[in-house]
1. Can you pull out every residue in the range A:77-92 that is more than 14 Å from chain B (Cβ to nearest Cβ) and assigned to a strand (DSSP E or B)?
2. Would you point out which residue out of A:Ala391, A:Ala402, A:Ala382, A:Ala441 is within 13 Å of chain B (Cβ to nearest Cβ) and touching a Ser or Thr at 6+ places or on another chain (Cβ under 7 Å)?
3. In the range B:322-332, is there at least one residue being closer than 27 Å to B:Trp210 by Cβ, more than 10 Å from chain A (Cβ to nearest Cβ) and over 24 Å from the mean Cα position of the chain (by Cα)?
4. From (1) surrounded by fewer than 21 Cβ atoms within 10 Å (Cβ to Cβ); (2) under 20 Å from the mean Cα position of the chain (by Cα), pick out the condition that doesn't hold for B:Glu81.
5. Collect the residues in the range B:151-183 that are more than 11 Å from chain A (Cβ to nearest Cβ), in contact with an Asp or Glu (Cβ under 7 Å, 6 or more places away or on another chain) and in a loop (DSSP other than H, G, I, E, B), keeping them in residue-number order.
6. Taking the range A:149-159 as the search range and keeping residues that are at pLDDT 95 or above and surrounded by fewer than 24 Cβ atoms within 10 Å (Cβ to Cβ), which one is nearest to A:Glu231 (Cα to Cα)?
7. Count, please, the residues in the range B:227-245 that happen to be assigned to a strand (DSSP E or B) and within 14 Å of chain A (Cβ to nearest Cβ).
8. Filter the range B:333-355 down to the residues that are aliphatic (A, V, I, L, M) and farther than 26 Å from B:Gly219 by Cβ, then identify the one that is nearest to the ligand (Cβ to nearest atom).
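The values are calculated or read from the model by the stated rules, or taken from the named source; none is laboratory data. On a predicted model such as this, the values are computed, not experimentally measured, just so you know. Methodologically, a virtual Cβ is constructed for each residue, glycine included, from the backbone with ideal geometry; neighbour enumeration extends over all protein chains shown.
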Amino acid sequence: MAEPVIVVGAGPAGTRAAQRLLQAGLRPVVIDENERQGGQIYRRQPENFIRPAEKLYGTEAARARALHADFESLRPHIDYRPGTTVWGVADEGLLSVRGSAITVQPFSAIIIASGATDRIMPLPGWTTPGVYSLGASQIALKAQACAIGGTPVFMGTGPLLYLVAWQYLRAGVTPAAVLDTSSLATRLRGLRGMMSRARVVVNGVRYMADLMRAGVKLHAGITPQRIEGREDGVTGVLWQDSRGRLRRTACDAVGTGYGLRAETQLADLLKCDFMFDRRFTQWRPQVDLDGRTSRQDVYLAGDGVLLRGADAAEAAGRLAACALLQDRTLPVATDEIEGLRGVIATMDRFAGGLAGAFPWPAHLAAALPDETVVCRCENVTAGDIRHAATALDSPEINRAKALMRPGMGRCQGRMCGLAAAEILAAARGVPVEQVGRIRTAAPLKPLPLDCRITP
Amino acid sequence: MNAFAREPARADVIIVGGGFMGAATAFFLRTHGLSVILLERDLIGQAASGTNFGNVRRQGRYLPQLPLANRSRDIWGRLPELIGEDAEFLPGGHIRVTTRAEDGARLEQYARDCKPWGLDLTMMTGDQARAMFPMVGPDIHTVSYSPHDGHANPRLAAPAFGRAARRAGAQVVEQTEVTSIMKDSVDFIIETKDGGRYHAPLLQISSGAWGRSMAASFGEDVPMAPQGPQMGVTEPLPYRIQPVIGSASSVTEEGVYLRQVKRGNIVFGGGRRSSADLVTKRARLDPMNTLRQMPHLARLVPAMARLRVIRTWSGVEGYVQDSLPIMGPSDRVSGLFYAFGFCGHGFQLGPGVGATMAELIATGQTDIPLEPFHVGRFQRNMEHRDAP
Ligand SMILES: Cc1cc2nc3c(=O)[nH]c(=O)nc-3n(C[C@H](O)[C@H](O)[C@H](O)COP(=O)(O)OP(=O)(O)OC[C@H]3O[C@@H](n4cnc5c(N)ncnc54)[C@H](O)[C@@H]3O)c2cc1C
């Protein structure tokens, strides 16, 4: 086949996919939005920064180093395009932009390894300056050695909550508190699935122990009430503890997130079939064990389709590449495929356990006060979405969007879409999958109007 | 409603298709006191009526269509009193601009010709236009200004008419696809996908791009094909651009247009259209077309070059060979009326079409000239020719 395979994303999944393709003699195009390879978990600091991997990646330093080193050895043999955002799909090829230079890249197949972002739950006050997603809190630290504040609160749920708090602690910033909506009982219930990867559980427990030893209060089963602040920033968090008592924690920043949401928009633009994944309570492209989608030239790997974490992503990237090679009747040992599937199956049990231990608190969305801003791009409140649901009789999220604008702004619902759907579903009294998902449209990210096609 | 009832539902009038045309007709039929059932496959105003550019423009229209457009413009200005909301109608004017002398001459001619039809335009040089609308680019040298045209929010207008019709007593049935239309000696018999049956002595087909096969089933085929105009919107910035700005170029790709909504975003469209599919109900947005639009937009309003596009879309619209809609009574079947195939310019007409069709259906006549839109106008050619 004359046209190349494009790998979108150069995190763990994309890197391993590219590596495997190269091993088979294909020379993939690797397009990545970041200036440097590594993805989110193994995000690299700018070239002239010199903090050691141990400091940046903690227990995962060896894996990070290996992934970076392997990628460096691929670089001369692949067509690597950093700092480049894929934004559309045309008959002529995949459209990407760097600055204002557009590239139209024909392809014979695409492996999408576009990762995930935080799943956000709006809250009164969440648009106050000083509120960040957990991912952004981590990027600030990893890429720039900056903290979001001197006494941040980390609030939400999921393992990232503790990891980020711990990373801040290690960087010399003592969090004011870690507030988790998941209760201890819920977490214990999820533990069984998680024991498939005892090492990771042990790490998590260690993060918590370190935090507690440093005097950081970890609260479970909380209910967020509001983020308090002034024009110039956050001053505190109001929350209810597991016994229903109202409490206030003073802080100068908040990092928040409730697990992850897969970045699935490119698969949607490519018209892959989607399904509602009950475990992760979100829509995602339909894939087989190895990452094949409903479209024969599109494969998916990593958190961009199934939220199973970095180790699984490496295996899934490789496996998607194997699937592609197999589909081209290139030789792939069944052992390799079986081995990778085995690795992923373990991770998958673990991910299922995690999703159970740190569930998405959909009920919080349903309970948001009417005046809470949900879509911050368009300033649409929970009350507006309920109005769309009831007075304007919108049975699904795209109708609500058309009438009241949630998800219509710069981020196209990537931040608020899941919460908006929960609010709509609750107001209609139907399960959330029934209100659908926001349709994807190009450009996937805002596109400069002065851009030009470069050959 | 009534989907599974044994007895068919009946009304004086059934309307098939709840786009702007169907919803507005339903509303105005109620003001004539007729009972109405409106059957919509999806949700009211979700197809062309909800995805269009939002131009409420009269200038540039086919002259004999101006009485209808003028009537519509009058209703646009009275929406709050009629249906209780304004659908964000902003009568900030409309300017057609050119960069070429020959296009300028066409504009001058049109401005003279439309006067007797009740449309007053002001011709301006580029400099005069820039004095009034400083955002207009230096390449623009002739401008035709229609001060009372403007724009509105297409996502809101048709659904608002649908709700108003329902409040006024129309039966508005959504998510109900019409699968068969027949006529016995007195009544039209309509069957829907979910097994519903509806009877009425009067029927309007206003199913937009999907109208052709319905008309054809009564032996009235028309040369019409679906296409998708290409739309987009920028991030918001402070509200400055009052008029809709449209290029009057005779070169297709240069023919872009834009409007700024109060919220601040600039909505744009134009240039090449792309394919649309009646079965999947989707019109393709070709991102290459977005790239083609960009330099021409920046020529109209140079400051736009510094903005970002945040979303693009298209919608399924029916384009008739002579670029005029199918509107008025059937040539063959009494009690049957058509209002479909509005060729990319039906949004402005929506309220006027509703009022005019309701009048025609309820009273058998209207003062608005509909002859040019008559379904029979192709009959003599159709035997030998396929649709475009
Ligand atoms: C992208 C785009 C931009 C445009 N820009 C402008 C503009 O700026 N200004 C302007 O004046 N016009 C514009 N137009 C044109 C305008 O939108 C249309 O002419 C107008 O909305 C047509 O309205 P309608 O009710 O005839 O059709 P539609 O809105 O398409 O409604 C037809 C309805 O019929 C329903 N239907 C079809 N088949 C069945 C069935 N079997 N059973 C039940 N229901 C059925 C459909 O679901 C649909 O809701 C644009 C159109 C598009 C697509």
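1. A:Asp79, A:Tyr80, A:Arg81
2. So the residue among A:Ala391, A:Ala402, A:Ala382, A:Ala441 that is within 13 Å of chain B (Cβ to nearest Cβ) and touching a Ser or Thr at 6+ places or on another chain (Cβ under 7 Å) is A:Ala441.
3. Yes: one or more hits.
4. (2)
5. Selection gives B:Ala152, B:Thr176.
6. Applying the filter and picking the extreme gives A:Gly149.
7. Of the residues in the range B:227-245, 6 are assigned to a strand (DSSP E or B) and within 14 Å of chain A (Cβ to nearest Cβ).
8. B:Leu349
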